[in-house]
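Each remark here refers to the structure printed beneath this line.
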Amino acid sequence: MAAHLIGAAAGQASPREFVRQIRAGRPLRIEIGGQFWWDGMNEVQVRERATRTPEELIVEWDTTSARALAARRRLPRPIARLPLLKLPPPVDRQPLSYLFDLGFTRDVWAHRIDLAMATGRPLDAEPDHDGRLLADLVAEWAATHGQPFTLELTGPLAVTFVQGSGGETVHMDAIELVRVLAERVPGEGVLAHTLPL
């Protein structure tokens, strides 16, 4: 997971590297039975860093993540508005800004949750930071399916979201909701609608 995130940051920092990873990932997507173009890209990121030590990965993250963030902030708005992304439903066609402004941020956030779950450590979730990401995710998810619901979320990000009236009421931990929407665990009822992170 660390190798993937570092490789993704390298691609964000350099358009040339991003395109190289996509091209190198095409045959790997087929080899691994991946469904989407980014499956092969992720495989490139992981394979290219498979022999690195944790210390080497940390050093690369420290330098690459800062460059990636700077590059994301410099993306020219006319380029950001180009509808270049073909994503699976319910997201579908999106401008490049969707990936740079939302997708990359949500990917790192979801993997932070994955790492906490895998290591058995609690997620240090903060309402001011993580709560904003959660609210943004729920708003987009709700817009994609349009069904009425009440989400009564618990845990450090406890909050209630409501759309329409007369819909299903769901009580659950907010971080578990993210895992359901990201298809880490299955959901039922209104939670059968997912949103790729």
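If you check residue 152 against the conditions, is it within 23 Å of residue 105 (Cβ to Cβ), out of contact with any Pro (no Cβ under 6 Å at 6 or more places or on another chain) and among the acidic types (Asp, Glu)?
no
Here are some residues: 32, 6. Which one is more than 28 Å from residue 136 (Cβ to Cβ) and either surrounded by 14 or more Cβ atoms within 10 Å (Cβ to Cβ) or over 20 Å from the mean Cα position of the chain (by Cα) (or both)?
Checking each option against the conditions leaves just 32.
Determine whether residue 22 is surrounded by 13 or more Cβ atoms within 10 Å (Cβ to Cβ), within 15 Å of residue 99 (Cα to Cα) and either more than 18 Å from the chain's Cα centre (by Cα) or free of Cβ contacts under 8 Å to residues at least 12 places away in the same chain (or both).
On the way: surrounded by 13 or more Cβ atoms within 10 Å (Cβ to Cβ): yes; within 15 Å of residue 99 (Cα to Cα): yes; either more than 18 Å from the chain's Cα centre (by Cα) or free of Cβ contacts under 8 Å to residues at least 12 places away in the same chain (or both): no.
Taking the combined requirement at face value, the residue does not satisfy it.
Which one of these does residue 60 not meet: (1) open to solvent by less than 80 Å² (accessible area, probe 1.4 Å); (2) under 19 Å from the mean Cα position of the chain (by Cα)?
Going through (1) open to solvent by less than 80 Å² (accessible area, probe 1.4 Å); (2) under 19 Å from the mean Cα position of the chain (by Cα) one by one, residue 60 breaks only (2).
Which one of 29, 49, 72, 67 is at pLDDT 95 or above, of a type outside the set (A, V, I, L, M), part of a helix (DSSP H, G or I) and closer than 22 Å to residue 105 by Cα?
On the way: 29 fails: closer than 22 Å to residue 105 by Cα; 49 fails: part of a helix (DSSP H, G or I); 72 fails: at pLDDT 95 or above.
On inspection, the qualifying residue turns out to be 67.
So in segment 69-95, with the set limited to residues that are closer than 17 Å to residue 9 by Cβ and free of Cβ contacts under 8 Å to residues at least 60 places away in the same chain, which one is nearest to the chain's Cα centre (by Cα)? Explain how you work it out, then say what you get.
Filtering segment 69-95 down to residues closer than 17 Å to residue 9 by Cβ leaves 69-75.
Of the ones still in play, those that are also free of Cβ contacts under 8 Å to residues at least 60 places away in the same chain are 69-71, 73-75.
Details: 69: 15, 70: 19, 71: 18, 73: 18, 74: 20, 75: 19 Å.
Within segment 69-95, the match that is nearest to the chain's Cα centre (by Cα) is 69.
The values are calculated or read from the model by the stated rules, or taken from the named source; none is laboratory data. What you see is a predicted model, and the numbers here were worked out from it, not measured in a lab. Cβ atoms come from the backbone with ideal geometry, glycine included; neighbour counts cover every protein chain shown. Note: accessible area is taken over every heavy atom of the protein model, side chains too, but ligands, DNA and RNA are not part of it. Shrake-Rupley method; radii C 1.70, N 1.55, O 1.52, S 1.80 Å.
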